[in-house]
Amino acid sequence: MPDLYEIPKKLIENISKVIVGKKDVIELVVVGLMANGHVLLEDVPGLGKTMLSRTLAKSIAGRFKRIQFTPDLLPSDVTGVSIYNQKTGEFEFNEGPVFANIVLADEINRTTPRTQSALLEAMQEFNVTIDGILRELPTPFFVIATENPIEFHGTYPLPESQVDRFLMQLAVGYPSNVEEVNILTRNFRESPLETLQSVVSIEEIIEVQKAVMSVHIDQKVADYIVQIVSSSRNMPGDIKLGASPRASLALMRTSRALAFLDKRDYVIPDDVKNLSYHVLKHRLILQPRSIVRGLTTRDIVNHILKKVSVPV
């Protein structure tokens, strides 16, 4: 087994051969994978969200499945269905696309809440129950969901219970002019994804996930995490719904993964600060009057980080 600290670095470098100029987003997606969680990408179409998912799957030689969420998609289209075989006289289970290492839930907010909820058990429990039978999902199991801005036509807002299942919400953003020219240059003859080779194995990813769980987190840093998250519940004038204890767990897990990415076996307060916005962004619901005043979740998180004392 190679040096585990080098595995995330190799993975990021390989993905960067296809995805141009978005190293910060790539690193955060890899952090999500290392933390054994799931990531929600929100942005306008055409910014490479799908390409990022496919590149990650190919880089780890993992099984990749894409679910294109549409208004008529059924829960069984996600999890799978049992079909009667007339030859054998028995029901045979046909796996749905959720049975993969990397699952791209594309435009998840274009389908109905009933189908959205089909992912809940899978994302939280890493298994699904179909016809009363519990079926384990592959390891690792990583969901990258994309959603269009809610003001786009034909979108449904994700329920709070489902949004809370994602470790982080990230925005890709537009490339600069120089980066966009680089994208064109790389795709003159063929997509760089076609020639991309895997650099990390599934077994190595599993070992990294285990190593991340052993990264030390001091009691003072743990208290710092709790103070940040609990502060979001004590701002009734600005926040309608604060972050739950699941947010504290997510911030701890991602902070451990970020420390591991920086080749450290311990978490520092800067890890927590750097991830707070991405972990809390989608978990905070602002009061209508806060929105009218022009406040954003970034403003709220920045205010909390300034207010909470950093441990020494």
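The values are calculated or read from the model by the stated rules, or taken from the named source; none is laboratory data. Remember, it's a predicted structure, so these values are computed and weren't measured experimentally. When we count neighbours, we look across all protein chains shown, and the Cβ atoms used for this are built from the backbone with ideal geometry, even at glycine.
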Look through N94, N36, N101 and report the one residue that is of a type in the set (S, T, N, Q) and without any contact (Cβ under 8 Å) to a residue 40 or more places away in the chain.
-> N94
Positions within the range 290-302 being of a type in the set (K, R) and touching a residue at least 12 places away in the same chain (Cβ under 8 Å), in sequence order | R298
Odd one out for L196, checked against (1) at pLDDT below 95; (2) surrounded by 18 or more Cβ atoms within 10 Å (Cβ to Cβ); (3) hydrophobic (A, V, I, L, M, F, W, C) = (2)
Name the residues in the range 200-209 that are in a loop (DSSP other than H, G, I, E, B) and farther than 16 Å from L52 by Cβ, would you?
-> S201
May I ask you to list the residues in the range 259-284 that are in contact (Cβ under 8 Å) with a residue 60 or more places away in the chain and surrounded by fewer than 16 Cβ atoms within 10 Å (Cβ to Cβ)?
-> K263
Given the structure, is P71 closer than 23 Å to A247 by Cα, surrounded by fewer than 18 Cβ atoms within 10 Å (Cβ to Cβ) and either among the acidic types (D, E) or assigned by TED's automatic domain parsing to the domain that holds N14 (or both)?
-> no
Do any strands (runs of 3 or more DSSP E) lying entirely in the range 50-110 carry at least 1 residues that are over 19 Å from I26 (Cα atoms), and which ones are they?
-> 64-68, 80-85, 90-95
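Look through L56, L28 and report the one residue that is touching a His at 6+ places or on another chain (Cβ under 9 Å) and at pLDDT 90 or above.
Exactly one of L56, L28 is touching a His at 6+ places or on another chain (Cβ under 9 Å) and at pLDDT 90 or above, namely L28.
Yes/no matrix, rows are residues, columns are (1) over 30 Å from A118 (Cα atoms); (2) surrounded by 12 or more Cβ atoms within 10 Å (Cβ to Cβ); (3) basic (K, R); (4) in the same structural domain as G62 (by TED's automatic domain parsing):
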position	(1), (2), (3), (4)
P159	no, yes, no, yes
F166	no, yes, no, yes
Q169	no, yes, no, yes
P175	yes, yes, no, yes
E180	yes, yes, no, yes
F188	yes, no, no, yes
P192	yes, yes, no, yes
Q209	no, yes, no, no
Flag for T129 being under 28 Å from K22 (Cα atoms), not in a loop (DSSP other than H, G, I, E, B) and not assigned by TED's automatic domain parsing to the domain that holds Y277 | no
When I144 is evaluated against the numbered criteria (1) surrounded by 13 or more Cβ atoms within 10 Å (Cβ to Cβ); (2) out of contact with any Ser or Thr (no Cβ under 6 Å at 6 or more places or on another chain); (3) closer than 25 Å to T55 by Cβ; (4) touching a residue at least 40 places away in the same chain (Cβ under 8 Å), which criterion, by number, is the only one it fails?
-> (2)
Here are some conditions: (1) out of contact with any helix residue (DSSP H, G or I) (no Cβ under 7 Å at 6 or more places or on another chain); (2) over 26 Å from S59 (Cα atoms). E136 meets all but one. Which one does it not meet?
-> (2)
Any idea which of (1) under 22 Å from the mean Cα position of the chain (by Cα); (2) under 26 Å from E125 (Cβ atoms); (3) of a type outside the set (A, V, I, L, M) is the one G46 doesn't satisfy?
-> (2)
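Taking S244, is it within 21 Å of I15 (Cβ to Cβ) and among the hydroxyl-bearing types (S, T, Y)?
no
Restricted to the range 23-41, and to residues that are of a type outside the set (A, V, I, L, M, F, W, C) and assigned to a helix (DSSP H, G or I), which residue is farthest from the chain's Cα centre (by Cα)?
Looking only at the range 23-41, we keep the residues that are of a type outside the set (A, V, I, L, M, F, W, C), and these are 23-24, 27, 32, 36-38.
Okay, now just the ones that are also assigned to a helix (DSSP H, G or I), so 23-24, 27, 32.
On the way: K23: 15, D24: 14, E27: 12, G32: 6 Å.
Step by step, filter the range 23-41, then rank; the result is K23.
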